[in-house]
Amino acid sequence: MRVALCGITVRFGALTAVEDVSLAIEPGEVHAVVGENGAGKTTLMNVLFGLVAPQAGAIRLDGQDRRWTSPQDAIRHGLGMVHQHFMLQESMSVLENIVLCAEPAGRFGLVDFSAARSRLRRIAEQHGISLALDRPVARLSVGERQVVEVLKMLYRQAEVLILDEPTSVLTPQEKDRLFATLRSFRTAGKAIVLITHKLDEVMELADRVSVMRAGRLVWSGRLSQTSKEEIARGIVGGALPPARQRAVRTPGEPVLAVRDLEVAGRSGAVGPLSLRVHAGEIVGIAGVAGNGQGELIQAITGLAPALSGEIALCGRPVTHLDVERRRRLGMSYIPEDRQRMGLALGATVSENANAGRDDRRAFTRGPFLDRAAMARFASGLIERFRIRVGGPSALAATMSGGNKQKLVVGRELARNTPLVIAENPTWGVDIGAIDFIHGELMRMRDEGHAVLLVSTELDEVMALSDRILVMYAGAIAGEVAGTEADRETIGRMMTSRAHQALPEVA
Amino acid sequence: MRTLRESAVLREAVSWGVALAWIAGVLFLLMALVGAPFGEALSAFLQNAFGGRRLSYLMATLSRAALIAGMAVSVMLSFRAGLFNIGGEGQLVAGGLVAALAALFLPGPPLFVLGASILAAMVAGAGWALLAGLLQLHLGVPLLVGSLLLNYPIRYIASYLVAHPFRDVQSGMVQSHLVPQATWLPYFPGTRLDIGILFIAAASLFAIIYSHFTLHGYHARMNGLSPAFARTVGLPVGKLTLQTLAMSGAIAGLVGAVAVFGVHHRYIDGMLVQPLYAWTGIIAVLLVGMIPWAVPLSGLFFAAIQTGAAGMERSAGVPKEIALVMQAVIILFVASRVSGALVASSERRAGGGEGA
Ligand SMILES: Nc1ncnc2c1ncn2[C@@H]1O[C@H](COP(=O)(O)OP(=O)(O)OP(=O)(O)O)[C@@H](O)[C@H]1O
Ligand SMILES: [Mg+2]
């Protein structure tokens, strides 16, 4: 099916999110849409999928004008979308999630699960996907959830697949598997839209590229007509930042010391783990998601209790302190899940920016809030971290994904604490912002802060870390100095056995 | 922008018109069914909700509205903080019971007795709410369950106390003795409305200020919007829970005291339970989506519907059951309208905020 978007314009109040954008999506092609945070990529695709009604413009499927009243309309006409933030029912099983709203009715109007199951099996087999259909979604890793979202689209026989930053939290192996699936779709003649901030992925997979900036389409054409550098320049609208130089620095006193820590995990206990992070160093934790990194961080931050072992922060034992007291002692935390833990989406930018601030005097007068001071603080963050949002009084939910991330990062880094814990700190932010956030982390390291970095992005870990710890099966499988790290060694440690090769890359 | 806003207002007006037409239609049908005269029933409804000789019915509505609004404000504080405290009834009963007993047994000048009894009632309500909070924090009993279950013991404790040790035997009813007349809340001059409504107004004002303008109110709301977020950024979640519950309970206790000193002048078995003040309060809060300033108005709406429907039964001969059905019809349609409008306005605000 051929899709054409013609002259689409979307406004939210005074803000124009998408301005007069025309785009064609051809069958049998992967069309990459790139652009900085808040450029309007998600909004444009939401229009195509019937989630947002445009102020102007038309949607054409195979030359026919269409007007959606709801996403159901779009789904019925063969469109499918995997959203930037997943939309799955946690407590339901994979199978139930997939058939939801498209249940095959059996006799007496009951859901015919066995028919659904065998059809799904067929689809999964055809595209080389394997997944346990009866597991509850709550127990799946992010990568597995991604697969569920993809299966959901396939099950509904989508001919046009829209994937909004599908790889931002996937491990390289998971990404490769997803791309193999997408290639198989392309061969099957489906049209695919891929929104991403990773230009390597564009180069690897796309046939056609569209670059958006500030709501407008600034370039669109075949991949062969352009280059990675040109696309990058199009995104940032100017020259690229130069590569970063790492200053040599001898680490100081340990800021975080973890000894023999054991934590309850999803599948058995995690640990015992011991590690130290010194002042003036960045320690990266690499590993396939779900090997205990999450549990380790939860125990360090105080969100989950330690079963045994000790944690010391700035030389003080904190094992039995709550989150609030640990943070006061000198800890900041950029959580992996910005939607649930990083932000209160129903609150304003200003309210989100000021939550958890230690210097309460600065934004209160007695028991009362000083809203003006709160807004001033939020405006400061917006400016410093180049967050693209209307202002401090905008609801957090209306920010684009990358801008949400920048707000969380900004709030935490602005606390300027001796220890910074960062989980996937550049999840979904554009290339300019990645560089900026990396720069801030480096600056803090150079100033003598200790940074514990957890990232599924191996490149990120390698670019920033002074030391890299590799986690496997709830334990630290090895340590590599940042200067000596190479993908091969780390990759082997991530699966822990040297003889056990990396999972098959199809 | 202007035309956009104007068209939004127009749309709002139209949809209210549609809702009112539906209400009128369904009520007309119901009355046709039972053969009650429509005009007469309607005027009886309005008369009994807002009229009466020297506005006496309006006063009754207001007095009832005060109690419902008070309970609504009490649960609003909890709900906004994400705490599903549905034990308002127990906290209300604890307050009313303690208020009556304190006034009966405390020595001293009447004003002191009144003040001390109200205070004791608030402490009792807060204590009962805190009990549910402690059960959650320390024993892991979900607040929803704990607070609900705690409604029953206090109800039976109260029944027992006024049925046995503190019963006014001579009256022949299951009730306590009258509290000293000097402690009764006075009426507004020239009316039959006691000044208890002022206490409720003060509590509502406190709740509005607390919710919008204080640090703790802000933290509580963050917890209500996302408990995971509140924990992650290190808000004092446990303290916040207990503090919020204590405030909710204290306001419920105050409502109990107002019912004793303003309305009944004693504790009568079931006087706080049967009129469903606490439950109506919860519905009143849900109706306006926990927006603080709208909560007292919502309480007034529910009181008016109830007294109006009761009046219809008395003066227009509409059977009680039908009056109750009508009550439900009105509430349903208004509820759908109000929540729709509130959602729409918050969406508008979100859109407008971008441009600010
Ligand atoms: N419901 C909404 N109300 C108000 N503004 C909105 C709403 N949705 C999006 N926006 C604004 O529209 C702009 C474009 O957002 P969009 O989500 O399309 O960006 P994006 O290109 O997907 O960015 P990212 O790469 O960060 O995901 C942003 O400035 C955002 O704040
Ligand atoms: Mg987006």
Among the residues of the range A:188-222 satisfying the criterion of being basic (Lys, Arg) and within 16 Å of ligand 1 (Cβ to nearest atom), which is surrounded by the fewest Cβ atoms within 10 Å (Cβ to Cβ)?
A:Arg216
For strands (runs of 3 or more DSSP E) lying entirely in the range A:158-236, having 3 or more residues that are more than 16 Å from ligand 2 (Cβ to nearest atom) and modelled with pLDDT of 90 or more picks out A:216-222
Elements of type helices (runs of 4 or more DSSP H) in the range A:330-433, at least 3 residues being surrounded by fewer than 24 Cβ atoms within 10 Å (Cβ to Cβ) and within 11 Å of chain B (Cβ to nearest Cβ)
A:371-384
Over the range A:18-31, the set of residues open to solvent by less than 10 Å² (accessible area, probe 1.4 Å) and either within 13 Å of ligand 1 (Cβ to nearest atom) or outside the structural domain of A:Leu223 (by TED's automatic domain parsing) (or both) is A:Val18, A:Val21
Kindly evaluate A:Val82 against the criterion of being within 14 Å of chain B (Cβ to nearest Cβ) and either open to solvent by less than 30 Å² (accessible area, probe 1.4 Å) or within 10 Å of ligand 1 (Cβ to nearest atom) (or both).
no
Which number in (1) assigned by TED's automatic domain parsing to the domain that holds A:Val202; (2) more than 28 Å from A:Gln173 (Cα to Cα) marks the one condition that A:Pro305 misses?
(1)
Entirely in the range A:1-57, the strands (runs of 3 or more DSSP E) that have 1 or more residues that are more than 13 Å from ligand 2 (Cβ to nearest atom) and within 19 Å of A:Glu165 (Cα to Cα)
A:15-25, A:30-35
From the set of residues in the range A:132-144 that are touching a Leu at 6+ places or on another chain (Cβ under 8 Å) and within 19 Å of A:Pro172 (Cβ to Cβ), which is surrounded by the most Cβ atoms within 10 Å (Cβ to Cβ)?
A:Gly143
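Going through B:Thr232, B:Thr244 one at a time, which residue ends up being closer than 30 Å to A:Met331 by Cβ and within 14 Å of chain A (Cβ to nearest Cβ)?
Within the list B:Thr232, B:Thr244, the selection yields B:Thr232.
Listed here are the residues, each with its yes/no results for (1) more than 14 Å from chain B (Cβ to nearest Cβ); (2) out of contact with any Cys (no Cβ under 8 Å at 6 or more places or on another chain).
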{"site": "A:Cys6", "(1), (2)": "yes, yes"}
{"site": "A:Thr9", "(1), (2)": "yes, yes"}
{"site": "A:Gly13", "(1), (2)": "no, yes"}
{"site": "A:Val21", "(1), (2)": "yes, yes"}
{"site": "A:Gly38", "(1), (2)": "no, yes"}
{"site": "A:Gly57", "(1), (2)": "yes, no"}
{"site": "A:Asp62", "(1), (2)": "yes, yes"}
{"site": "A:Asp73", "(1), (2)": "yes, yes"}
Does A:Gln55 satisfy the condition of being open to solvent by 10 Å² or more (accessible area, probe 1.4 Å) and within 15 Å of ligand 1 (Cβ to nearest atom)?
yes
Examine the range A:453-462 for a residue that is open to solvent by 40 Å² or more (accessible area, probe 1.4 Å) and without any contact (Cβ under 8 Å) to a residue 24 or more places away in the chain, and state whether such a residue exists.
yes
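Touching a strand residue (DSSP E or B) at 6+ places or on another chain (Cβ under 7 Å) and either of a type in the set (A, V, I, L, M) or modelled with pLDDT of 90 or more (or both): is that true of B:Ile268 in this structure?
Here the answer is yes, as B:Ile268 does meet what is asked.
The values are calculated or read from the model by the stated rules, or taken from the named source; none is laboratory data. Everything quoted here is computed from the prediction, not taken from an experiment. Glycine also receives a Cβ, built like all others from the backbone with ideal geometry; neighbour counts cover every protein chain displayed. What goes into the accessible areas is simple: the full protein's heavy atoms, side chains included, and nothing from ligands, DNA or RNA. Shrake-Rupley method; radii C 1.70, N 1.55, O 1.52, S 1.80 Å.
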